[in-house]
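Step one of this worksheet: look at the structure below.
The values are calculated or read from the model by the stated rules, or taken from the named source; none is laboratory data. Just so it is clear, the model here is predicted, and its values are computed rather than measured. With ideal geometry, Cβ positions are generated from the backbone for all residues, glycine too; neighbour counts draw on all protein chains shown.
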Amino acid sequence: MSVFDSLVGQDHVVEVLEVAAHDAAIEPAGPTMTHAWLFIGPPGSGRSNAAIAFGAALVCPQAGCGVCEDCVAVLSGNHPDVEVVRPEGLSYKTEEARNLVGRADMAPTRARWHVIVLEDADRLTESANNVLLKSIEEPASRTVWLLCAPSVEDLLPTVRSRCQVVGLRTPATDAVAAFLQSQGVDPGTAAFAARASMGHIGRARALATIESVRNRRHDVLIMMRDLSDLASCMAAAGNIVEAAKADAEAMLSEREETERSDMLLALGAGAEGKGIKRVTKAALKDLEDRQSARRNRAVRDELDRVLVDLLAWFRDVLALQEEAPVELVNEEMRVDLERMADESSTADTLLRITAIRDARQALSMNVAPQLAMEAMVVKLRAPRLAGR
Ligand SMILES: [Zn+2]
């Protein structure tokens, strides 16, 4: 048993982290241990899980046994010396970075290291980046920074040059399927979810375990067959946005409820009702604001995932048109895919793939989701018309 057991298809990285964790446990720390690490990998490859597991290994007396009090506390998000930070909105604000730097200077309370896991470090604004830089360049003697981002290019060179880079890969389909089975998912569902998620662990887990997520994915793909007139296109665009909202809701609602009841408990309010004190109301309002910002971000993330599903759909169509010897992502919908491959040309498919890429780009530039989806769906319906 090891704290790294939950990393899927990342054996090459586990070895490096294990050595570093052992080096971190000796006094003075060995040569492979440094104060700033950057975990990079495509969305869903598990970079923040890897960082959190490494954080556990740093505070565990056995360098990551996975079962001791320290390991368990870190993995459940309750260790005083391992802080996991996520941007509350679309990006980290300068003030968030300042608060963080203030906390980073503090010594660990019970472990050897004070670990800060900074998720989505690519969402640091330039000024937030600069605020963090000094603390990363010259960290307090017991502080370790674990930054997570899609790629090294997502960080300012000044920050990334200070970090030891840990590169995660998109896990292979069979590694994801095996992981889902180890979590109690039946083999058939595990194989489907691994294929459909294309190596995105969180998405694979949601597809395997939440029926409504599975159904919505199916509905969105089915829609691609039936884009006959403009009205149905507009409806489809709306449905895609709704599906993303519902997926975000399915994945966040439990966490939001826990946060709310934890806060009420901490404030001693116990039950809800008219008796809630003013201070409690203010704290709840603050929590709701943060949850709402996070939800907006989650909707965009889910929307991007829907677009990745659509990309996979047209990639399958293209594979059939070109008779490429590859496994279809959407094997279970082969009949529909073959019909579309027959009824359209390779050029159409390429234009459609471009339309989806454009939509992803627009979303990342903060275009309103509904508008981005409408523009995309119209191009998907009549790719050559829209190209002129
Ligand atoms: Zn342990």
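Tabulated results
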quantity: Residues of region 141-167 classified as of a type outside the set (Phe, Trp, Tyr) and in a strand (DSSP E or B), total; calculated: 10
quantity: Of residues in region 103-124 being hydrophobic (A, V, I, L, M, F, W, C) and in a helix (DSSP H, G or I), the one nearest to LYS134 (Cα to Cα); calculated: ALA104
quantity: Of residues in region 68-93 being over 21 Å from the mean Cα position of the chain (by Cα) and surrounded by 15 or more Cβ atoms within 10 Å (Cβ to Cβ), the one nearest to ALA56 (Cα to Cα); calculated: CYS71
quantity: Options ALA372, ALA355, ALA359, ALA368: the member that is in the same structural domain as LEU303 (by TED's automatic domain parsing), closer than 27 Å to ASP301 by Cα, loosely packed, with under 13 Cβ neighbours inside 10 Å and within 25 Å of the chain's Cα centre (by Cα); calculated: ALA368
quantity: Close pairs from region 315-330: first closer than 20 Å to ALA355 by Cα, partner assigned to a loop (DSSP other than H, G, I, E, B), Cβ under 6 Å, at least 6 apart; calculated: ASP316/LEU328; ASP316/VAL329; ASP316/ASN330; ALA319/VAL326
quantity: Test for LEU100: is it outside any helix (DSSP H, G or I), surrounded by 17 or more Cβ atoms within 10 Å (Cβ to Cβ) and at pLDDT 90 or above; calculated: no
quantity: Residue satisfying condition, being acidic (Asp, Glu) and over 21 Å from ARG203 (Cβ atoms), within set ASP23, ASP5; calculated: ASP23
quantity: Test result for SER45, within 16 Å of the ligand (Cβ to nearest atom) and under 27 Å from VAL176 (Cβ atoms); calculated: no
quantity: Residue match in region 26-38 (condition: under 28 Å from ASN366 (Cα atoms), away from the ligand (no atom under 16 Å from the Cβ) and buried (at least 19 other Cβ atoms within 10 Å of the Cβ)); calculated: yes
quantity: Any chance ALA107 is under 25 Å from VAL159 (Cβ atoms) and either within 12 Å of the ligand (Cβ to nearest atom) or in the same structural domain as ASN296 (by TED's automatic domain parsing) (or both); calculated: no
quantity: Residue under evaluation VAL13, criteria (1) surrounded by 21 or more Cβ atoms within 10 Å (Cβ to Cβ); (2) in a loop (DSSP other than H, G, I, E, B), criterion not met; calculated: (2)
quantity: Filtered residues of region 56-96 (kept if near the ligand (Cβ under 10 Å from one of its atoms) and in contact with a Gly (Cβ under 9 Å, 6 or more places away or on another chain)); calculated: ALA56, ALA57, CYS60, CYS71, VAL72, VAL74, LEU75
quantity: Positions within region 1-19 being touching a residue at least 40 places away in the same chain (Cβ under 8 Å) and of a type in the set (A, V, I, L, M, F, W, C), in sequence order; calculated: MET1, VAL3, PHE4, LEU7, VAL8, VAL13, VAL16, LEU17
quantity: Region 196-212, subset surrounded by fewer than 22 Cβ atoms within 10 Å (Cβ to Cβ) and not acidic (Asp, Glu), residue nearest to the chain's Cα centre (by Cα); calculated: GLY202
quantity: Subset of region 221-237 [in the same structural domain as LEU311 (by TED's automatic domain parsing) and β-branched (Val, Ile, Thr)]; calculated: none
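Okay, residues lined up against (1) in a helix (DSSP H, G or I); (2) of a type in the set (D, E, K, R):
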{"residue": "SER45", "(1), (2)": "no, no"}
{"residue": "LEU58", "(1), (2)": "yes, no"}
{"residue": "GLN62", "(1), (2)": "no, no"}
{"residue": "ASP70", "(1), (2)": "yes, yes"}
{"residue": "VAL74", "(1), (2)": "yes, no"}
{"residue": "HIS79", "(1), (2)": "no, no"}
